[in-house]
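Nothing in this text is a laboratory measurement; each read-out follows from the coordinates by a stated rule. No experiment lies behind these values; they were computed from the predicted model shown. Cβ placement follows ideal geometry from the backbone for every residue including glycine, while neighbour counts extend to all protein chains displayed.
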Amino acid sequence: MQEATEEVLQQDRLLLYIYTPFCGTCSLAKSMLNKIESVHGEDIFYDMNASLNPDFMQENKVESVPCLLIKENNEVKEKVYAFRSIPNIYRYLMEYKPELFAKND
């Protein structure tokens, strides 16, 4: 997982994991995302420490952490607060990052 920079945040398509360092639920969510990246062998998500980015949090109306903010066509499409399980996260990936599942022939 790569840290989100100002440049990354300007991208029109983004899967952004927002957390705080001492949040136990955030650690669990991050481990799920890391497992997904490990299976695919690539960075899929960017991460951001909510504590260091209060303006971003307010501008995007992020209500709590952990949060998976999904941006497509330069618009926030979803904010996922309940990670639940890896299969639940895959549901979002199938919709917003279908190229992960394309067959390479």
Determine the calculated [θ] at 222 nm for the chain from helices alone, applying -39500 (n - 2.57) to every DSSP H run no shorter than 4 residues and normalising by the residue count; nearest 500 deg cm²/dmol.
-10500 deg cm²/dmol
Looking at the chain, send over the antiparallel percent of its DSSP beta bridges, to the nearest 5.
60
Treating only the Cβ atoms of Lys and Arg (+1) and Asp and Glu (-1) as charged, compute the dipole magnitude of the chain about its Cα centre; round to the nearest 20 debye.
540
Taking the simple approach of a point 7 Å from Cα along Cα-to-Cβ for both Gln11 and Ser85, what is their distance in nm?
2.8
For Glu37 and Ser51, extending 7 Å from Cα along the Cα-Cβ vector and measuring point to point gives, in nm, a value of 2.0
In sequence order, calculated HN-Hα J values of segment 45-62 (Karplus, 6.51, -1.76, 1.60; Hz; x Gly/Pro)
10, 9, 10, 8, 7, 4, 5, 8, 9, x, 5, 4, 4, 6, 4, 9, 6, 6
Given a Förster distance of 22 Å, report the FRET efficiency between Thr25 and Tyr92 from their Cβ-Cβ distance, rounded to the nearest 0.05.
0.80
Could you count how many Lys pairs in the chain have their Cα atoms under 17 Å apart, skipping same-chain pairs fewer than 8 positions apart?
9
Out of these labelled values of Rg/Rh (Cα atoms, Kirkwood Rh), (1) 1.03; (2) 0.94; (3) 1.09, which was calculated from the coordinates shown here?
(2)
Expressed as an acute angle from 0 to 90° and rounded to the nearest 10, what is the orientation of the C-alpha long axis of helix 24-40 relative to the principal long axis of the chain?
30
Helix 86-96 versus the longest principal axis of the chain: what is the Cα-based angle in degrees, 0 to 90, to the nearest 10?
80
Provide, for q = 0.18 Å⁻¹, the log10 of I(q)/I(0) from a solvent-free Debye sum over equal Cα point scatterers in segment 38-87.
-0.69
Work through the residues other than Gln2 whose Cβ is under 9 Å from its Cβ and net out their charges, Lys, Arg +1 and Asp, Glu -1.
-3
What order do you get for Ile36, Ile89 when you list them from fewest to most C-beta neighbours inside 10 Å?
Ile36, Ile89
